[in-house]
2 protein chains.
Amino acid sequence: MPSQPRPVQEIKEVFALPQLKAVCSNCSLRELCLPLGLTAEEMDALDRTIHQRIPVKRGATLFRAGDSFRSIYAVRTGFFKTCVSAEDGREQVTGFHMSGELIGLDAIGVERHGCDAVALEDCEVCELPFARLESLARDIPALTRHFYKLMSREIVRDQGVMLLLGNMRAEERLAVFLLNLSQRLAARGFSSTGFHLRMTREEIGSYLGLKLETVSRAFSKFQADGLLKVQNKYVELLDPVGLKNLLGGCASLQGQ
Amino acid sequence: MPSQPRPVQEIKEVFALPQLKAVCSNCSLRELCLPLGLTAEEMDALDRTIHQRIPVKRGATLFRAGDSFRSIYAVRTGFFKTCVSAEDGREQVTGFHMSGELIGLDAIGVERHGCDAVALEDCEVCELPFARLESLARDIPALTRHFYKLMSREIVRDQGVMLLLGNMRAEERLAVFLLNLSQRLAARGFSSTGFHLRMTREEIGSYLGLKLETVSRAFSKFQADGLLKVQNKYVELLDPVGLKNLLGGCASLQGQ
DNA sequence: CGGCAACTTGATCAGGGTCAACAATAGTGG
DNA sequence: CCACTATTGTTGACCCTGATCAAGTTGCCG
C-alpha cells in the first residue's frame, strides 16, 4: 500500500488562510509537542516552517525504511506504529505513536529512515522539513534545546523497552504496555481506564517480544483475575493498581 | 565504589600546557568522536570547552542513575558499560562503550542521568560540559548537526538491540554481539578477529537478555563448531563468515 | 597460598513458542 | 441490508529453548 498522495505545497501557498497558517499556535497539542516552551513569536516562526497537515489513511505508510530523510513528522491525530525488519522478514515493532509525538528522529544520523511508519487508523500528521527546522533552531535556542530533549527522551524510552525485553515475563510486559498506554492517553485528556487498542495482538506481541497467542492468553489471564475487562480491541482497566503490583516495582515505564 | 575524585578545574587553568589544551585536534579519535567534520578553528573552539581528561579506575562509576546531568563524556581510552536498574534490583546492561563513543546522551531530556556508567577497565574520558557545548553549538552549525547525528545514531542502535531482544535466539544474539564488537574494534585499528572481552559472561548475558550459563554454553557451542576459540576472556573468531551465516541475514547490527 | 569471583558443565524444569482447530469480527461486494 | 470471505482473536495440546539449581573448576588478586 503506497503512502497517501501528498497535497503539493503550491496549493497551500495559494489558498492558505490565516487560521490555517497558524498551525502550532492554535493546536491543542502544543503542550505535548515540539512547540513546548516557545514564546508566541517563536511559535509563529515554527508555524511558517510547517509545510502542511498531511492526511494518512489507515494502513498507509508515512515513510519506509530506506527512504531518504527529509522531514520529521508530528502526529496530530491518529495512531502510528514504527517497525524495523531484518532481511529474512522478521519484523519488530519499535514503537506506537499517538498525537503530539514525533516520528522520524532516528533518520537524522544517516539521512535515511531506519524504520517503516504505518498508520493504524486514519491519521493526520504535521510535516516538519528538517532543513528548515534546523535553520530555525539556529535562531531559537529554546527550540534546539527542546529538540535535544525529545531525542534524548526517545533514547530513554528505548532503554525502558530494552529493560522490558531483556528482563520481564510475558504478563509483566503486557502490564507495562497497558499502563504506559493508559498514562499517555490520560495526558491527552482521554480516559485512562477504558480505551480502544488500535493495534492487533500480533503487533502488541511484536513490540513486546511475544507471540500473539501469548498476548491473547495474558489478556485472558488478566480478565480472569479481575484486573481488566477485554472485549476485542476494547480494554477496560478495572484494577490499575493491581496491574502495577504485578511489576514488583518497575517504574521505568514512562516515556512515550 | 565511589567515582574517582576529579581533578578540579583550577589545576588545569594553572598548569595547562599548549599541547594539553589542544585536546581534540591531536586526538587519534577525532574521526570517530564528536569533532568529526569540524574545521581546525572549530575544533580549537571545541577544545576550549573540554574541561579535562578524567581518569576512571576499573570498577568506578562515572555517573549513576539519578545524578544531575552536567556533562557528556567521550571515552578516550578503556571500556564502559551503561546499565539501568528497576526498583526490585533487576539490572539491564544497555550498552558497552569504547573509545570515541559518547556516554550520557540520554540525560539531556530530563537533566538527570537515567543509567549508571561503570568502567570495565582503567579508563580515561573527556568531559564535555553540556552548557558550554550547547552555546558552542550555537556558533558552529556543523557541531549541532553532528550532535543530532550522534543522538539519532544512538536511537538506531537501540532499535537494533530491540530487534535482537525481541526476535533472536540465544546463539544469534551472541553472534550479533561478537560481530558488532569485532567491527567496532576494527574501526579503531585493532584486530577484528582476536580480542579480550572486558565484560563478564553475566554482563554479556544482561545485555543480550540471557543468563550467564546460556552465554557460556553458546560460547562452548561456537567453539565446538569451529567458529571461534575462546579461552576465558580472550576470543578468537576463526570463522566470522560462519557466524554471520547463523543470522540468516540480519545486517541490522551496525551502530556502536 | 588462600579466598573469592568468574566460568563451565550437567540435570531438571517451566515459560512461552508452535501447531492446530475454531470463533468472532470487520470488511467486501452484491 | 445481508451474505461471504479474510482477518483477527481465543483456546488447547504439546514441545523446545533457555532458566534454574547444583557441583566442580579455573583464574585472579591480595
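The values are calculated or read from the model by the stated rules, or taken from the named source; none is laboratory data. It should be emphasised that the depicted structure is a prediction, and the values quoted were computed from it without experimental measurement. A quick note on method: Cβ atoms are made from the backbone with ideal geometry, for glycine too, and the neighbour counts reach across all protein chains shown. Protein only, heavy atoms only, side chains kept; ligands, DNA and RNA dropped before computing areas. Shrake-Rupley method; radii C 1.70, N 1.55, O 1.52, S 1.80 Å.
Within the accessible surface of the range B:168-255, defined with a 1.4 Å probe on protein heavy atoms only, the carbon and sulfur portion equals 50 percent.
Ranking B:Gln231, B:Val23, B:Gly209 by Cα position along the charge dipole of chain B, where only Lys, Arg, Asp and Glu carry charges on their C-beta atoms, puts B:Gln231 farthest toward the positive end.
Take A:Asp88, move 7 Å from Cα toward the beta carbon, and the resulting point lies 3.2 nm from the same point in each other copy, nearest first.
Its Cα centre serving as origin, the range B:168-255 has a Cβ charge dipole (Lys and Arg +1, Asp and Glu -1) of approximately 160 debye. Axis of helix B:40-49 versus longest Cα principal axis of chain B: the two differ by about 90°, to the nearest ten degrees.
What is the helix-to-structure angle for A:141-167, meaning the angle in degrees between its Cα long axis and the longest Cα principal axis of chain A, kept from 0 to 90 and rounded to the nearest 10? Taking the Cα atoms of chain A, the angle to A:141-167 is about 20 degrees.
Projected area of the range B:168-255, taken from the Cα convex hull and averaged over every viewing direction, in nm²?
Working: hull surface 20.7 nm².
Here the figure is 5.2 nm², rounded to one decimal.
At 1.4 Å probe radius, can you tell me the per residue accessible area of the range A:8-140 in Å²? Show your work: numbers first, answer last.
Values: 5800 Å² over 133 residues.
On a per-residue basis, 44 Å².
Taking the Cα centre of the range B:8-140 as origin, work out the dipole magnitude from +1 charges on Lys and Arg Cβ and -1 charges on Asp and Glu Cβ, in debye rounded to 20. Don't skip to the end; give the middle numbers.
Numbers: 15 positive and 21 negative charges, 44 e Å.
Approximately 220 debye in magnitude.
Here the Kirkwood formula puts the hydrodynamic radius of the protein assembly as shown at 24.3 Å, using every distinct Cα pair.
Between their Cα atoms, which of B:Lys149/B:Lys229; A:Lys149/B:Lys81; B:Lys57/B:Lys221; A:Lys81/B:Lys233; A:Lys81/B:Lys149 are more than 31 Å away from each other?
B:Lys149/B:Lys229; B:Lys57/B:Lys221; A:Lys81/B:Lys233
For A:His196, the point set 7 Å out from Cα toward Cβ sits 6.0 nm from its twins in the other copies, listed from shortest up. A label point on B:Leu212, set 7 Å along the Cα-to-Cβ line, lies at 4.0 nm from each of its counterparts in the other copies, closest listed first.
So how strong a dipole does the protein assembly as shown carry about its Cα centre when Lys and Arg Cβ are +1 and Asp and Glu Cβ are -1, to the nearest 20 debye? Walk me through the numbers on the way to the answer.
Details: 64 positive and 62 negative charges, 98 e Å.
So the dipole magnitude of the protein assembly as shown works out to roughly 460 debye.
Rg/Rh for the range A:55-142 stands at 1.00; both radii use Cα atoms, and Rh follows the Kirkwood definition.
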